[in-house]
Amino acid sequence: MSRLPHRASVAAHRPEPVLDVVIPVFNEENDLEPSVRRLHTHLRETFPYPFRITIADNASTDSTPQIAARLAAELPEAQWLRLTEKGRGRALRTAWSLSPAPVLAYMDVDLSTELTALLPLVAPLLSGHSDIAIGTRLAPGSRVVRGPKREITSRCYNVLLRSVLAVRFSDAQCGFKAVRRDVAEQLLPLIQDSEWFFDTELLVIAERAGLRIHEVPVDWVDDPDTRVDILATALADLRGIARISGALARGTLPPAGSLHDGGAATPSGITTQLLRFTAVGAVSTLVHLLLYTTLRPAAGAQAANALALLICTVANTAVNRRLTFGRRGRGSVLRHQGRGLFVLLIGLAITGGSLAALHHAMPSAGQAAELAVLLAANLAATLLRFLLFRVWVFRA
């Protein structure tokens with residue numbers, strides 16, 4: 001994955017659309033026209049930039065295509081896109097990939113989300129503050145009217161996401177989202193799902209890659225005539241979570257921090273990494289020697305060395321993960337720490353073997369000699385640790 005350019009604000013005076021709002025539809029002949037006209041009126045009256053509304057019809061079999069074509073002909077800011085296969089994710093992927101607008105959004109055709117939240121949704125993307133923006137029904141300040149069945153289902157799903165995938169965003173399923181086009185160009189090729197799990201997969205990959213996700217509390221009223229099959233959608237979401245969990249375990253998702261976060265660059269040059277690693281290593285070595293000196297009288301040389309090395313390795317891995325190799329977020333933390341502990345065993349063999357060799361050669365060696373040997377052994381272990389961290393533990 002290539003690195004994104006630094007965020008910049010979108011120019012206010014542009015002849016082409018600045019915002020493209022996609023409405024994915026399937027057999028929505030009743031809601032399509034009143035919803036599109038309401039959205040169009042709202043944007044004409046309140047949105048200060050050129051805009052476009054894209055109706056993404058994914059294989060409707062009723063009169064939806066004819067209504068969409070008529071709206072596109074009547075409204076200068078509307079267009080119609082016809083797909084031959086179903087799938088909300090497929091519709092969004094196609095419409096966003098074809099759009100030249102710098103900010104891409106979508107909303108459900110029932111307009112359950114109050115339209116006054118649209119400008120707060122896209123404003124952080126237009127200003128360059130954030131990469132993705134989502135409406136949330138589960139944050140303080142949001143007001144939601146819906147039945148207990150959907151309320152419980154939604155909350156359980158988001159708790160599951162936080163527990164299994166360790167995500168931080170609050171509402172993955174709200175049909176009210178926006179993304180900068182340069183971000184979408186990077187993320188869309190990585191998303192496998194073409195249906196309802198598309199939103200969740202987009203957000204998981206984006207958060208893991210270090211992108212900034214802005215949340216907007218929304219007023220949301222449930223549509224009693226929804227066509228969503230809750231059971232089928234829930235099962236598909238569970239399969240999606242299992243697939244993403246497997247990808248995280250295998251390390252096949254983009255590495256954490258692989259895209260920019262607030263314009264901060266990941267330190268990828270070996271010289272920069274080596275300097276930072278050396279600084280962290282110097283502090284770790286000092287702490288290791290202090291811990292060893294403290295623990296040595298009670299635990300003995302080998303046990304004191306092993307315990308001090310364990311403590312320093314966990315801390316060293318965490319600091320180097322963020323500072324030296326630019327990995328942010330909680331994705332792959334356990335995998336990185338597990339590999340770091342394996343590297344610990346190598347370091348333990350080097351330092352422990354050095355102590356054993358010293359005591360074999362000089363049975364009466366004092367603590368000063370032990371510290372000198374440990375210092376030299378730590379330098380050798382540190383160099384090897386850097387190489388292993390770079391090519392294996394935190395390999396991009």
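The values are calculated or read from the model by the stated rules, or taken from the named source; none is laboratory data. Note that the structure is predicted; figures quoted are calculated from it, not measured. Using ideal geometry, Cβ is built from the backbone for each residue, glycine included, and neighbour counts are taken over all protein chains shown. We work out accessible area using only protein heavy atoms, side chains counted, and drop any ligands, DNA or RNA first. Shrake-Rupley method; radii C 1.70, N 1.55, O 1.52, S 1.80 Å.
Kindly check whether there is at least one residue in segment 143-157 that is at pLDDT 85 or above, under 27 Å from Arg322 (Cβ atoms), of a type outside the set (Asp, Glu) and open to solvent by less than 30 Å² (accessible area, probe 1.4 Å).
no
Just give me the residues in segment 30-80 being in a loop (DSSP other than H, G, I, E, B), open to solvent by less than 80 Å² (accessible area, probe 1.4 Å) and not hydrophobic (A, V, I, L, M, F, W, C), in sequence order.
Asp31, Tyr49, Pro50, Ser60, Asp62, Ser63, Glu77, listed by residue number.
From (1) modelled with pLDDT under 70; (2) more than 15 Å from Leu323 (Cβ to Cβ); (3) surrounded by 17 or more Cβ atoms within 10 Å (Cβ to Cβ); (4) not basic (Lys, Arg), pick out the condition that doesn't hold for Gly262.
Going through the list (1) modelled with pLDDT under 70; (2) more than 15 Å from Leu323 (Cβ to Cβ); (3) surrounded by 17 or more Cβ atoms within 10 Å (Cβ to Cβ); (4) not basic (Lys, Arg), Gly262 breaks only (3).
For a quick check of your reading of the model, give me the residue pairs whose first member lies in segment 184-195 and is without any contact (Cβ under 8 Å) to a residue 60 or more places away in the chain, whose second is of a type outside the set (Val, Ile, Thr) and open to solvent by less than 40 Å² (accessible area, probe 1.4 Å), with beta-carbon atoms closer than 7 Å and at least 6 apart or on different chains.
Between residues of segment 184-195 that are without any contact (Cβ under 8 Å) to a residue 60 or more places away in the chain and residues that are of a type outside the set (Val, Ile, Thr) and open to solvent by less than 40 Å² (accessible area, probe 1.4 Å), the close pairs are Leu187/Leu202; Leu187/Ala206; Gln192/Glu201.
Out of all the residues in segment 86-115, which are open to solvent by 40 Å² or more (accessible area, probe 1.4 Å), in contact (Cβ under 8 Å) with a residue 40 or more places away in the chain and either of a type in the set (Asp, Glu) or not in a loop (DSSP other than H, G, I, E, B) (or both)?
Listed by number, the residues that qualify are Arg90, Arg93, Ser97, Asp108, Asp110, Glu114.
Going residue by residue through segment 352-374, is there one that turns out to be at positive phi and not in a helix (DSSP H, G or I)?
No, every residue in segment 352-374 fails to be at positive phi and not in a helix (DSSP H, G or I).
Taking segment 293-311 as the region of interest, how many residues are at pLDDT below 85 and not aliphatic (A, V, I, L, M)?
Going through segment 293-311 one residue at a time, the tally reaches 2.
Select from segment 208-219 the residues that are within 8 Å of the chain's Cα centre (by Cα) and farther than 18 Å from Ala242 by Cα and list them in ascending order.
Ala209, Gly210, Leu211
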